[in-house]
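To start, the structure itself, in structure tokens.
Where a number appears in this text, it was derived from the coordinates with a stated rule and is not lab data. These numbers were taken from a predicted model, which means no experiment stands behind them. Reconstructed Cβ throughout: ideal geometry from the backbone, glycine too, with neighbour counts over all protein chains shown.
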Amino acid sequence: MGLGGYHADAVLGLARGRKVLYVGTAGMENPYSALDWHEQLGASVLRFAPWPPDDLRAFALEHDLILVGGGNTANMLAIWRVHGFDEVLREAWQSGVVLAGWSAGMICWFEAGVTDSFGPELAGMHDGLGFLGGSACPHYDGEERRRPVYERLVRDGFPPGIALDDCAGAHFVGTELQEVVASTSTARGYRVGPGGEEPLETRSL
């Protein structure tokens with residue numbers, strides 16, 4: 001599930017249980033965000049600073065939902081890979097743990113994504129986790145440059161993919177898109193290819 005907005009209840013309804021793990025690596029492990037998710041969902045928190053838990057794999061796999069926050073996608077992925085958390089996430093996904101997130105926590109599951117990880121100018125990033133094929137772009141209606149930059153990148157050969165408005169979410173089962181949902185009447189998801197964008201049917205929550 002990629003979250004363009006905070007559809008916590010909808011995501012939790014997809015999980016096999018109610019044990020939630022919040023991963024705030026992209027946001028420099030902001031304690032206020034961790035506290036917010038603990039208060040909302042009773043979420044446990046995964047921290048990599050000063051070091052990850054002794055048994056990172058066991059700790060992650062005991063949860064039903066892994067929720068990834070926003071921030072710097074490139075930095076997050078680098079930290080995950082150094083500690084082998086990318087492979088833990090793949091195992092969690094294959095074993096039925098629901099993976100979800102917004103912004104950095106949306107695009108990280110794809111092969112590629114549009115990011116501001118390298119500075120204020122948006123850029124295409126090609127080294128996502130690759131659980132889902134193609135590319136992704138969050139904040140499609142929330143930041144004025146997202147739409148034109150993503151469309152240009154795809155026209156120029158960047159992998160086609162999916163874009164989400166800020167209050168929309170995409171639900172994948174395995175690698176197949178099941179539906180797009182939204183918490184407002186105007187938010188949508190889009191397929192974006194070399195020929196432009198195609199709105200996706202969107203269900204209001």
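Rank by packing, highest mean first: peptides 16-29, 106-119, with packing defined as the count of other Cβ atoms within 10 Å averaged across residues.
Numbers: 16-29: 19.8, 106-119: 22.2.
By packing density, highest mean first, the sequence is 106-119, 16-29.
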(message) How large are Rg and Dmax for the chain when calculated on the C-alpha trace, in angstrom?
(response) 15.9, 48
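Using a 10 Å cut-off on Cβ atoms, rank the peptides 179-185, 132-138 from the highest mean neighbour count down.
Order by mean packing, descending: 132-138, 179-185.
Based on the mean of other Cβ atoms within 10 Å per residue, sort peptides 8-15, 168-175, 70-77, 198-205 so the most packed one is first. Let's see the in-between values first.
On the way: 8-15: 15.8, 168-175: 18.4, 70-77: 20.9, 198-205: 12.5.
Most protected by this proxy first, the peptides run 70-77, 168-175, 8-15, 198-205.
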(request) Would you mind listing how long the stretch 63-147 runs along its three principal axes, going by Cα atoms, in whole Å with the largest first? (result) 38, 25, 21
(message) Between HIS126 and GLU91, what is 0.36 nm times their sequence separation minus the Cα-Cα distance? Round to one decimal in nm.
(response) 10.4 nm
(message) Using only the alpha-carbon atoms of the stretch 127-177 as identical scatterers, what base-10 log of I(q)/I(0) does the Debye formula give at q = 0.20, 0.21 Å⁻¹?
(response) -0.75, -0.82
(request) Rounded to whole Hz and in sequence order, give me ³J(HN,Hα) for the stretch 108-122 from the Karplus expression 6.51 cos²θ - 1.76 cosθ + 1.60, θ = phi - 60°, writing x for Gly and Pro. (result) 4, 6, 8, 5, 8, x, 9, 9, 10, 4, 9, x, x, 7, 5
(message) Using amide H atoms built in the peptide plane, which far-off residues or other-chain residues are under 5 Å from GLU111 H to H?
(response) GLY130, LEU132, GLY134
(request) With +1 on each Lys and Arg Cβ and -1 on each Asp and Glu Cβ, and nothing else charged, work out how big the dipole of the stretch 57-205 is about its Cα centre, in Debye to the nearest 20. (result) 80 debye
